[in-house]
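In what follows, a single structure is set out as structure tokens and then discussed.
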Amino acid sequence: MSGWATARRVGWAGVVLGGLAFFVAVPPLLVRTPVVPVVLGLAGAAAGAWALRAGERRIGWYGVAAGLAGLAGGIAATQSGEGNLERVVVWSALLAAMLRYATPLLFAALGGLFSERSGVINIGLEGMMLMGAFFGVWGADVTGTWVLGLVIGALAGGLLALVHAVFSVSLRADQIVSGTAINFLALGLTGYLVVDIYGEQGTPDNVSEVPDVTIPVLEDIPFVGDVLGQMNLLIWLGLLTALLTWVVVFRTPPGLRLRSAGENPLAAETAGVSPARVRYLAVTVSGMLAAVGGAYLSIGFVHSFTQNMTAGKGFIALAVLICGRWRPGAALAFALLFGFSTALAQRLPVFSPSAATLFQTLPYVITLIAVAGVIGRSIPPAALGRPLQK
Amino acid sequence: MSAPDAGAPITVAGRLSGYLRAGGVITPLLTVVLAFLIGGLVVLITGHDPVATYRAIFEGTGLQWFFPWISAADRDVAALNLQQTLILTTPLVLTGLAVAFAFRCGLFNIGGQGQYFVGAYVAAWLGSSLDGLAALPHVVVTIALCCLAGALWGGIAGVLKAATGAHEVITTIMLNWIAIWAGQWLFGQGGPLQNDTQKSVPVSSDVLPSARLPVFWGDPELQGLHVGLFIALAMLVVFWVLLNRTRVGFEVRAVGFNPEAARAAGISVGRNYVFVMAVCGLFAGMAGALDVLGWQFRVATNDINVSTIGFIGIAVALLGRNTAVGTLFAALLFGALLTGTSVRNLDPEVFEPELALNLTYVIQGVIVLFVSVDVLVVWLWRLRRRGRPAQEAPA
């Protein structure tokens with residue numbers, strides 16, 4: 001490990017090479033021989049392996065994984081027809097879709113970050129998203145404006161989170177069981193209310209929706225404009241929230257108190273912080289953020305509410321949080337990765353319509369692999385899941 | 001004074017054993033009563049009549065069959081309903097065991113639903129294909145392979161936990177969704193296991209007569225009660241013996257109480273995780289097999305979307321305090337609740353079945369919530385028995 005070639009840099013180089021292995025085989029470069037992706041992918045994996053040997057475990061594994069994934073993807077791409085590739089890999093559309101799919105995950109993962117940094121495991125993110133999704137539509141329908149819909153959705157998620165807080169902080173419940181209960185409650189309540197209020201027809205079509213933002217200058221730049229020129233307001237808000245979360249949690253006194261409650265509540269208390277109050281606040285904020293992610297699904301993305309529409313996104317968000325090592329920037333990166341895999345899964349049916357349904361499993365398979373690959377090397381807050389001693 | 005709970009048992013198994021000692025049979029009963037009260041509150045707030053609703057649900061369960069005073073005609077109707085209740089109790093016992101066994105090892109298996117599906121898929125496939133086999137071998141081979149498939153599916157989460165520490169809650173949820181979409185693909189239009197006769201209907205081929213389980217109570221043409229119930233009851237015994245009377249079960253419980261201490265005592269924690277998750281998958285896979293071979297006889301993609309048998313297993317296990325007897329009674333309760341709220345049995349004039357299904361989720365959520373906070377229910381019970389020493393309460 002001398003000079004510029006630190007293990008860390010070599011590992012990152014492996015990641016880049018893995019990405020390149022896939023990139024060269026698809027439009028616009030469209031290399032048709034499998035040799036190039038094979039060479040690049042193997043080089044990436046080798047770089048990762050070297051970094052691993054040199055002791056850089058996390059980045060090293062990223063390099064190995066990216067190299068092998070790029071190798072497989074690159075070979076698959078060179079074996080398929082150019083026409084199909086041109087239709088599947090439209091980068092601007094893929095990246096725009098990636099941002100759309102990543103946003104609900106990002107909100108929920110940032111919510112989870114607040115809760116778990118304070119020491120409370122939040123398995124209930126899924127249910128809190130569902131609350132936001134239903135009450136977002138309902139609020140927008142009743143009040144006639146999406147702004148209030150969003151507020152009502154967030155409050156509903158916050159309220160459910162408060163239940164989780166009461167049970168896990170004050171009553172010292174098992175946090176995972178309590179979170180599971182939260183999910184059942186939300187599933188039942190939202191399913192009950194949507195049938196009771198809207199009946200067979202489902203939520204109305206003319207509900208006020210979160211608007212897209214068109215940015216004049218950006219819109220006219222050829223490639224960037226296609227991706228970022230016209231995005232939903234909540235996508236921008238999500239990116240902003242990631243930044244704000246980083247500032248609040250890692251650069252302000254309240255953030256330090258939050259982290260101290262999750263790392264060492266006893267020390268926090270000695271310093272005059274009330275870990276119980278911090279945890280209450282953090283869990284409630286977590287529910288509100290997850291609910292905004294859910295509301296994005298219903299009034300920003302698909303424009304209706306259907307029963308259990310979150311379909312495991314709360315758990316994927318949890319995986320995003322864990323893979324992102326409870327840090328906002330890394331969580332954003334993983335949310336984008338999972339968003340990209342979903343976006344790709346939506347376009348793959350071009351290759352095989354009969355297997356179209358099977359591609360739907362892709363985000364879940366990738367979550368499984370990511371959680372298994374990264375979790376042992378991802379260290380949670382020290383007091384996570386431990387109730388406070390009365 | 002707040003401090004991390006260093007000395008107290010933080011594993012689920014540790015807490016639940018305290019719960020077991022402290023509450024007896026009364027806490028689950030209290031939990032159920034509270035859950036139904038809160039469910040009734042939801043019904044009341046949304047402008048329906050909770051008493052009429054619960055009465056209508058109860059009448060659909062067939063549990064009146066046990067009342068000695070009802071008329072012969074009523075008893076015949078009740079018998080039909082009770083058969084449906086017991087048909088649903090059968091898989092719930094098994095998915096309940098799938099969760100309970102994991103809990104006893106300190107694992108939380110939310111993957112019962114996926115493991116149940118995998119068993120059901122294999123049952124639909126082998127039950128409809130192994131042509132020409134005699135009835136007994138066909139049934140035995142099919143059920144055995146369904147159990148194997150479930151065990152493999154559940155084992156994935158165990159291997160991941162043992163090898164990398166990946167939390168089983170996340171991995172089993174992901175495996176559930178993979179199983180759901182795989183089923184949509186297998187039995188959907190153009191899928192490899194879609195029926196050969198009607199290419200436009202997303203459903204598997206019908207299970208051959210040789211693979212169908214015999215009906216011992218009621219009319220086989222009208223969904224009578226199949227012998228799967230006895231298999232499920234036998235599994236309760238297997239569960240109890242395995243856990244309480246074998247060396248393996250001792251290791252499982254030791255890991256559940258305190259993995260660190262178990263490791264120090266020379267028990268391989270990782271191997272136990274894999275073994276336990278595989279056994280859980282076996283139970284849940286068997287539930288799927290019994291449902292398909294016993295009364296469904298096919299798997300339709302619509303059924304995959306609405307099936308909740310595996311998830312209800314979580315509430316069954318928690319309410320039954322992860323014991324064999326408790327699981328049986330909790331499965332009976334939820335089997336009755338599902339039957340009583342089904343489209344077939346609940347009068348829509350009184351309460352819409354779509355609402356009732358979601359009411360079941362709410363009741364289930366409240367039950368799980370209260371079990372998570374065993375301390376609270378125990379404490380409520382304690383209020384009536386002042387003066388008992390406090391150290392009996394679980395920490």
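Please treat every number below as a calculation from the coordinates, not as lab data. As the structure is a computational prediction, the values presented were derived from the model and not from experiment. Please note: Cβ atoms are built from the backbone with ideal geometry, for glycine as well, and neighbour counts cover all protein chains shown.
Note on B:353-366: average number of Cβ atoms from other chains within 10 Å of each residue's Cβ is 6.
The H on the amide N of residue A:312, modeled in the peptide plane, is under 5 Å from the matching H of no residue at least 5 residues off or on a different chain. Inverting the mean 1/r over all pairs of different Cα atoms, compute the Kirkwood radius of the stretch A:91-377 and quote it in Å. In the stretch A:91-377 this quantity evaluates to 19.2 Å. Taken one residue at a time, the phi angles of the stretch B:208-214 give Karplus couplings (6.51, -1.76, 1.60, θ = phi - 60°) of 5, x, 5, 9, 7, 6, x Hz. Gly and Pro are set to x. With helices as the sole contributors, chain B gives -22500 deg cm²/dmol at 222 nm; each DSSP H run of n ≥ 4 counts as -39500 (n - 2.57), and the sum is divided by every residue. Taking the centroid of alpha carbons for each part, the stretch A:233-288 and the stretch B:114-177 are 42 Å apart.
If you count, for each residue, the other Cβ atoms within 10 Å and average over each peptide, how do A:316-326, A:300-310 line up from highest to lowest?
Working: A:316-326: 26.4, A:300-310: 19.6.
Listed from highest to lowest mean packing, they are A:316-326, A:300-310.
Counting Cβ atoms of other protein chains within 10 Å of each Cβ in A:348-357 and taking the mean gives 3. Each Lys or Arg adds one and each Asp or Glu takes one away; over the other residues whose Cβ falls under 11 Å from the Cβ of residue B:117, this sums to -2. Taking the stretch B:270-296 and a reference point 7 angstrom along Cα→Cβ of residue B:201, the backbone N atoms nearer than 15 Å belong to B:296. For the stretch B:12-384, the alpha-carbon coordinates run over 58, 51, 36 Å along the three principal axes, in decreasing order.
The order of the peptides A:12-19, A:78-85, B:322-329 by mean Cβ neighbours within 10 Å, most packed first, is A:12-19, B:322-329, A:78-85.
Which of the peptides A:40-49, A:57-66, A:236-245 is most tightly packed, and how do the rest follow, judged by the mean count of other Cβ atoms within 10 Å per residue? It would help to have the intermediate numbers written out before the result.
Details: A:40-49: 23.2, A:57-66: 21.6, A:236-245: 17.8.
Answer by packing, highest mean first, reads A:40-49, A:57-66, A:236-245.
Label sites at residue A:57 and residue A:230, each approximated as a point 7 angstrom past Cα along Cα to Cβ, lie 4.9 nm apart. Considering only C-alpha atoms, what is the centroid distance from the stretch B:196-270 to the stretch A:301-317, in Å? Cα centroid to Cα centroid, the span is 31 Å.
Given just the C-alpha atoms of the stretch A:236-326, how large is their convex hull per residue in cubic angstrom?
Once divided by residue count, the hull of the stretch A:236-326 is 107 Å³.
Of all alpha-carbon pairs in the stretch A:275-389, indicate the percentage at a distance above 24 angstrom. Counting every Cα pair in the stretch A:275-389, those more than 24 Å apart make up 38 percent. Residues whose amide H falls under 5 Å from that of residue B:215, counting only those 5 or more places apart or on a different chain, are absent, with hydrogens built in the peptide plane.
The local environment of residue B:331, defined by Cβ-Cβ distances under 14 Å, has a net charge of 0 under the rule Lys, Arg +1 and Asp, Glu -1. Between residue A:271 and residue A:247, the modelled label-to-label distance comes to 2.2 nm, taking each label 7 Å out from Cα in the direction of the beta carbon. Compactness of the stretch B:239-289 was expressed as the Cα radius of gyration divided by 2.2 N^0.38 Å, which yields 1.21.
As a test of the definition: which semi-axes, in Å, follow for the protein assembly as shown when you take the square root of five times each eigenvalue of its alpha carbon gyration tensor? Largest first, please.
Those come to 41, 33, 28 Å.
Residue-wise HN-Hα couplings along the stretch B:302-309, as the Karplus relation 6.51 cos²θ - 1.76 cosθ + 1.60 with θ = phi - 60° gives them from phi, are 5, 5, 4, 5, 9, 5, 10, 3 Hz; Gly and Pro carry x.
Look at the stretch A:194-205: the mean tally of other chain Cβ atoms within 10 Å of its residues' Cβ atoms is 2. Quarter the surface of the alpha carbon convex hull of the stretch A:7-88 and you get the mean projected area, 4.5 square nanometres. Helix content alone sets the calculated 222 nm mean residue ellipticity of chain A: runs of n ≥ 4 DSSP H residues at -39500 (n - 2.57) each, divided across all residues, give -23000 deg cm²/dmol.
Rounded to the nearest whole Hz, the Karplus-based 3J(HN,Hα) values (6.51 cos²θ - 1.76 cosθ + 1.60, θ = phi - 60°) of the stretch A:66-80 follow the sequence 5, x, 5, 5, x, 4, 5, x, x, 4, 4, 5, 5, 7, 9, with x at glycine and proline.
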